[in-house]
Each structure stands twice: as structure tokens, then as C-alpha cells.
Amino acid sequence: MSFDTALASLLAAAETPSEHTGDCESLALADCDGRVLAQALVAPIAVPAFDNSAMDGYAVHLADFDAIPISLPVVQRIAAGSQGLPLAPGSAARIFTGAPVPAGCNAVVPQEDTQADGDTVRLLASIRNGQHIRHVGEDIALADTVIAAGQVLAPQHLALAASIGIAHLTVRTRLRVGLLCTGDELVQPGQPLPPGGVYNSNQFAIATLLARLGCRVRDYGKVVDTYEATVAAMRLAASENDVVISCGGVSVGEEDHVKAAVSALGRLDLWRIAIKPGKPLAFGKLGQADFIGLPGNPVSAFLTFVLLARPFLLKRMGADVSAPRAIHVPADFAWPGAGQRREFLRARLVGGDDGRLLAQLYPSQGSAVMSGLAWADGLVDVPAGGRIETGDSVRYLPLEQLTG
């Protein structure tokens, strides 16, 4: 199965929150970072709510004079947060950034274009009608939709909501995700490593990626390689979560029990996806819970999560799902060819002699080489059968788009 077909199949199977009831909650604005907006936010006010000055300077009326320079009496002072009087004919008002422009004013002259002398100001530069005035609704009009439903809220969205006086937002409830890692060989960091043992890195990578998505993560730890233990762990996780994710055990070896356990409890599709690293991915249902089985090799697990599972989870959360924005940069390497599988090579951007950014490849691209993934800041996306020569333009996916 191609990568694009696998992703489309996952997204088509993702049940969005609009099909549920009781999947929303109202939270204080300060608690909404990283949450998914459930209802479009409509502006209850215009921003600015009144015409105001964009500069520190002097409010004037152009009809009061026909030549520059000219001197005008300064008859009032208007600071931000105060309200001035209508501008008297033939006068100027000292005004500060953000202050309401007085009635009768149609321009603000920046103070650097003036010369103050006691209660008089001399205007030195030409003036345009409407200059340096921010008008009502210039930023946001009354009843504008300022944030669409499905937006994953970031600090700038919270600031935007605050700017229109919103104190609470309706967001999707957190998706409950259970995480299991299978394998007798797995050892927790901090414990002695026995012969044949490996430290469980997948648990920390996937749990952290889930937390970054805003999921409520239940970590069920290590599941030993028996059918009975796998069934018991899957049954418990399915009863307590919306989605269950496992790492390892999705191949066809005698010690890979995930396929049989999930099939006994629900439904399972085992996909062979034409990507490298990755290839095996399991998807199905455990009762009412969705199930995704990631490969056990750490780089494969990480990349199949960010490239395939993450978009599925975003859609399940009610978030907008869009393809990552790739950039095109020259390759600082040669690559012999991707064979029949689409490859995602671990790379980073470096500066070339001519100042251009180049994609540099990590020397080892093995599916268990976590040092390469930690070194990289992006992935070079090589189509099936693709060959790269030094200097070729390559499609580069920044990891921060896939993990943030």
C-alpha cells in the first residue's frame, strides 16, 4: 500500500467529534493552549472599537490650514484610556498611541515631524488625509469569524480571543489514548540491562508526542510476549480509552501476538506500507476504541506515528488536518535510489558556501538508529524509485511541523 493510500484510509476511518455528543467543554482562556476549538469564534465587538491614533503626535484637521509649515495652538492632551473633547477649529491636540482621536480630527502628525514650543506646535512635513489613524473595525469587524472551529489553539489565538474580550472558549475534550509497548526484551531506563535486553525508548517518544497533541495519555507500560498478556492489556486499554496505540508485535513472527489479540477482541487490518522506515502498520477496532499498531524499531515507530498516526489523531480530536509544508533545498549528498518504497531520510539544514541552505544527511539511516533522529531537524522525502545527486532539489519536511 502506498503512503498516500494508507494516510487517506486512516483519515477516512477517523470518526470526528461532530459525530459524538458531550465532547466539548468550556475552559478559561488561560487553560486553552494546545486545545482544539470546538465552535467558531465570532467577534462580539469591532477592533479597534473606536478610531485611535497609531502614533505619538498631534491630532489636526486638514481644513484648518493650506500650507506647511504652520503653527497651531495645542489646546488639549489625550492619552490612551482617556476621551478627548471635539477638536476646536484652528487648533491641535497632543495625542498618544492608542488614544481616541477627537471629533473633528482627520489626521495625526507624528511628533518627529513637528517642533513644539510651549503651548504651540509647528507642523513641518506634508500631511495626508487620514494618516496615522486606525479606524473602527480596521483589524476585526463586528461579527467576523476570527478563529475557525478545528483550530489547534496557540498563544497567538488566545491573544486574539482576549483582544475581543473573550474569557472562555469551547474546546474539544481531550482524546484519551492508551499506550502499550510489547516485548520481553524491554527494560525501563534506570534498571540494569540484562543480556538480550534493550531500553524502552518508544514509550518516551510516543507518550511525549501524544502529550504534545493534547491527548490524555494512559501508559500501560511493557506487555510481555504472550498471547494471554497481550489480550488482557488490550482489553483493559480499550475499556479506558478512545484510541489504543501499541509499539511492536505487528509483524508475523511467533512472538508477535498483537495481530491475534486484536483480532480476538475486535477487528484488525495489517498493512504493509511502501515506506522506509516503517512498512508494518496495524489499524482496527478494539470494541469502541480505535487501534493503531506501530512497528517496534524506534525510528520506524517514531516516523509512522508522526506521518500517519498523528494526522489520524488530529482528525479524531476535531482539528483541521493539513499536509506538512515542505521546503525545497539542494541536497548536500547523493542517494542511490529508494527502491520500491518511499523513503524518509533523516537530515538537517546546513549553510553552504554560497549562503544557501543545504540538506545534509545523517551517515546511518537504519530503522533502529535513534541518534540520527535526534541529530536531524527534518526529513528528506524521496519518492519510490527516486535517485538523488548532489545539488538536486529535494523535498524537505521540518520535524517541528510533524511533532509540535
### Query
To the nearest 10 degrees, how steep is helix 202-212 against the longest Cα principal axis of the chain, on a 0 to 90 scale?
30 degrees
### Query
Carbon and sulfur: what percent of the range 159-215's accessible surface (1.4 Å probe)?
58 percent
### Message
Using Cα-Cα distances under 8 Å and only pairs 6 or more residues apart, what relative contact order does the range 293-404 have, in percent?
### Response
34 percent
### Query
In degrees, nearest 10, range 0 to 90: what is the angle between the Cα axis of helix 3-13 and the longest Cα principal axis of the chain?
80 degrees
#### Entry: Given charges at beta-carbon only (K, R positive; D, E negative), |dipole| of the range 241-390 in Debye
340 debye
## Note on the structure
Farthest towards the positive end of the dipole of the range 278-404, among Leu307, Gly339, Gln365 and with Cβ unit charges of +1 on Lys and Arg and -1 on Asp and Glu, lies the Cα of Leu307
### Query
Against the longest alpha carbon principal axis of the chain, how many degrees, from 0 to 90 and to the nearest 10, is the axis of helix 227-240 turned?
30 degrees
### Task
Measure up Lys285/Lys315; Lys222/Lys259; Lys222/Lys279 against 20 Å on the Cα-Cα distance and list the ones that go over.
Lys222/Lys279
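Let me spell out the model: positive unit charges on the Cβ of Lys and Arg, negative unit charges on the Cβ of Asp and Glu, origin at the Cα centre of the chain. What dipole size does that give, in debye rounded to 20? Mind dumping the intermediate values first?
Numbers: 31 positive and 40 negative charges, 168 e Å.
Charge dipole of the chain: 800 debye, to the nearest 20.
So which trypsin sites (Lys or Arg not before Pro) in the range 318-404 end up in coil per DSSP with only 15 or fewer other C-beta atoms within 10 Å?
Working: sites: Arg325, Arg341, Arg342, Arg346, Arg348, Arg356, Arg387, Arg395; in loops: Arg325, Arg341, Arg356, Arg387.
Loop-located and lightly packed - Arg325, Arg356, Arg387.
Please report the relative contact order for the range 129-281, taking Cα pairs under 8 Å with a sequence separation of at least 6, and give it as a percent rounded to a whole number.
Details: 174 pairs, mean separation 33.1, N = 153.
Reported relative contact order: 22 percent.
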### Query
So what is Rg over Rh here for the chain, counting just Cα atoms and using Kirkwood for Rh?
1.17
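With a cut-off of 8 Å between alpha carbons and a minimum separation of six or more residues, what is the relative contact order of the chain in percent?
Numbers: 915 pairs, mean separation 61.6, N = 404.
RCO, the chain: 15 percent.
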### Task
Quick one: check the C-alpha center-to-center distance for the range 304-320 versus the range 175-209, whole angstrom.
22 Å
### Query
Per residue, how many Å² of accessible area does the chain show with a 1.4 Å probe?
47 Å²
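The values are calculated or read from the model by the stated rules, or taken from the named source; none is laboratory data. The structure presented is a predicted model; accordingly, all values stated were derived computationally and were not measured. Note: ideal-geometry Cβ built from the backbone for every residue, glycine included; neighbour counts use all protein chains shown. Ligands, DNA and RNA are excluded from the accessible area calculation, which covers all protein heavy atoms including side chains. Shrake-Rupley method; radii C 1.70, N 1.55, O 1.52, S 1.80 Å.
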